[in-house]
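Laboratory data are not the source of any read-out in this text; all were calculated from the coordinates shown. Please read these numbers as outputs of a predicted model, since none were measured by experiment. No Cβ is skipped: glycine too gets one built from the backbone with ideal geometry, and neighbour counts run over all protein chains shown.
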Amino acid sequence: MTNRAKAIEQRSVGQAMWRGTLCKCPHCGQGKMFRAYLKVADHCNACGEQLNLHRADDFPPYIAITIVGHILVLAMLHIEMVYQVSPLTYLYTMIPLAVIMPLAMLPSIKGAIVGLQWANGMYGFGTGQID
């Protein structure tokens with residue numbers, strides 16, 4: 001077994017995903033993963049790990065929408081069962097929440113997905129490929 005294969009096997013998926021959730025480099029946990037809101041940095045500014053090999057695509061928004069949808073439907077059901085509110089209440093509260101919540105979750109979710117891909121050596125992570 002090569003050193004490269006051993007290095008990939010020793011990567012902790014949970015740790016890499018947690019570091020990604022915190023928007024940190026999945027390798028060292030120190031450097032920033034993003035150079036902008038959802039733009040993954042080419043390399044970690046602390047350890048130099050190449051981060052731009054990810055293929056997160058539409059998976060993070062799908063997860064964010066699923067989570068927010070469940071939260072909002074449960075909130076609406078609870079409000080409807082406990083209180084009698086005007087339909088305008090939903091318009092003024094749920095629509096802004098439906099926009100703000102996924103946008104707030106997306107960086108952490110995308111970071112976790114990139115961490116998962118890094119830990120599993122997917123899409124060129126761990127192959128020593130240099131940009």
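Taking amide H positions as placed in the peptide plane 1.01 Å from N, state which residues far from Leu51 in sequence (5 or more) or on other chains have amide H under 5 Å from it.
His43, Cys44
What number of lysine-lysine pairs in the chain show an alpha-carbon separation below 21 angstrom, given a sequence spacing of 8 or more or placement on distinct chains? Numbers along the way, then the final one.
On the way: Lys24/Lys32; Lys24/Lys39; Lys24/Lys110; Lys32/Lys110; Lys39/Lys110.
Qualifying lysine pairs in the chain: 5.
Sum up the charges of everything whose Cβ sits under 15 Å from the Cβ of Gly29, counting Lys and Arg as +1 and Asp and Glu as -1, but leave Gly29 out.
Every neighbour counted, the sum reads +3.
Can you give the relative contact order of the chain as a percent, counting alpha carbon pairs under 8 Å and 6+ residues apart? Before the final figure, lay out the partial values.
Details: 162 pairs, mean separation 53.3, N = 131.
So the answer I get is 41 percent.
So which cysteines in the chain don't have a second cysteine's C-beta under 4.7 Å from them?
Cysteines of the chain left without a disulfide-compatible partner: Cys23.
For region 34-42, what does the Karplus curve 6.51 cos²θ - 1.76 cosθ + 1.60, with θ = phi - 60°, yield as ³J(HN,Hα) per residue in whole Hz, taken in order and with x for Gly and Pro?
Along region 34-42, the couplings run 10, 9, 8, 3, 10, 8, 6, 5, 5 Hz.
Hey, can you rank 78-85, 110-117, 65-72 by average C-beta count inside 10 Å, highest first? Write out the running numbers ahead of the final one.
Values: 78-85: 9.8, 110-117: 25.0, 65-72: 14.0.
Ranked by mean Cβ neighbours within 10 Å, highest first: 110-117, 65-72, 78-85.
Which whole-Hz ³J(HN,Hα) couplings does region 85-97 yield from phi under the Karplus relation 6.51 cos²θ - 1.76 cosθ + 1.60, θ = phi - 60°, glycine and proline marked x?
Result, ordered by residue: 10, 6, x, 5, 4, 5, 4, 7, 10, 6, 5, x, 5 Hz.
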